[in-house]
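J.: One structure follows; several queries about it will come next.
No value in this document is a laboratory result; all are computed from the given coordinates. Predicted, not measured: the structure shown is a model, and the values here were computed from it. Positions of Cβ are generated from backbone atoms using ideal geometry, with glycine treated the same way; all protein chains shown enter the neighbour counts.
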Amino acid sequence: MSPLPPLLWLQAFEAAARTLSFTAAGRELGVTQAAISQRIRLLEDRLGQKLFVRHPRSLTLTPAGQAWLPSIHDAFARLAEGTQEVFGAAPARAVTLRTTPVIQQSWLAPRLLAFHRAHPEVAVRLVSAIWPDDFGPQGADLEIRYGLGDWTDMEAVSLGDESLLPVCAPALAERLDEPADLAGHTLLHALGFATGWPNWLEQAGVAGLERHCSALNCDNQVMTLALASRGGGVALTHRRLLESRDDLVVPFALAVPSEERFWLVRPLRRSDHPDALLLWEWLQPTAA
């Protein structure tokens, strides 16, 4: 048996204790007076103590009910505060934007801050997507995705051509004059991308050099870039993700074009949400 009584019973007690009326509590919670009475009785049976003294035309709290009520009020207040903190004061009006953490940190953050300063009245809810399956037509007004832009039932606007290039900490870059110097160093691999280290090394004229390098494999670029910034190796990343970083440098000029790119996406079937349209237009490449 759960140590906590059902939430419906606790709601019935809180409303009845506050109004000192089963009828008023039922009206507030949208149920009958009999339903409130039954929930209170079940609650008292669970607790093994009476919470109310029933008078012919009124209610009073027992000493146990009076002692317990502040804890119930505090619990509901904490629940309300937590709900507002996570979902916002007006979740129905908030614009939900979903994208990967690396895009949030490296590209979106300055643009979203500028949008907030220009439109502080617009509530934005930012949701992280880690895996490709986290994206989808449900639950978000807008998304920033990576791929070929061929998603069905979605409108996709390219954020521009994309290329990949190596990055590392400045101290490591001083020891790298040409791609062949990567031999013996650690290559940081972000899994799940069509273009990776073997392709870049081939384009650089040192095909197969990865066999002479150590490897760290991560499932996201947040980690590869974090490791690279701490001198943990050389990461291959998208040029767009370097816009706001000053802890990484590019040791070689070669950037390999990628067929995949970043896209601003929204469902074709969508409700007319003026705030969502405002953010959609703000994030367009031409908005700059």
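J.: Quick check: residue separation of Gln284 and Leu191 times 0.36 nm, minus the Cα distance between them. What number comes out in nm?
T.: Going from the current span to full extension adds 30.7 nm.
J.: Antiparallel DSSP bridges in the chain: what percent, to the nearest 5?
T.: About 60 percent, rounded to the nearest 5.
J.: If you keep only loop residues by DSSP, which trypsin sites (Lys or Arg not before Pro) in the stretch 7-67 have at most 10 other Cβ atoms within 10 Å of their Cβ?
T.: Arg57
J.: Express the relative contact order of the chain as a whole percentage, based on alpha carbon pairs under 8 Å and six or more residues apart in sequence.
T.: 20 percent
J.: Pop the C-beta distance of Glu174 and Glu260 into the FRET formula with R0 = 35 Å and round what comes out to the nearest 0.05.
T.: On the way: r = 32 Å, r/R0 = 0.90.
Step by step, r from the Cβ atoms, then E = 0.65.
J.: If I model a spin label at Leu42 and Leu126 as a point 7 Å from the Cα along the Cα→Cβ vector, what separation in nanometres do I get?
T.: About 4.3 nm separates the two model spin labels.
J.: Further, regarding this structure: Label-point separation (nm) for Ala215 and Arg117, each offset 7 Å from Cα along Cα-to-Cβ?
T.: Output for this residue pair reads 4.4 nm.
J.: Along the three principal axes, how long is the stretch 7-87 when you take its alpha carbons, biggest first, rounded to the nearest angstrom?
T.: That gives 44, 26, 20 Å along the principal axes, largest extent first.
J.: Send over the Kirkwood Rh of the chain, from the inverse of the averaged 1/r over different Cα pairs, rounded to one decimal Å.
T.: 23.6 Å
J.: Which of Val53, Val265, Val127 moves most in a GNM of the chain, Cα contacts under 10 Å?
T.: Highest fluctuation of the listed residues: Val53.
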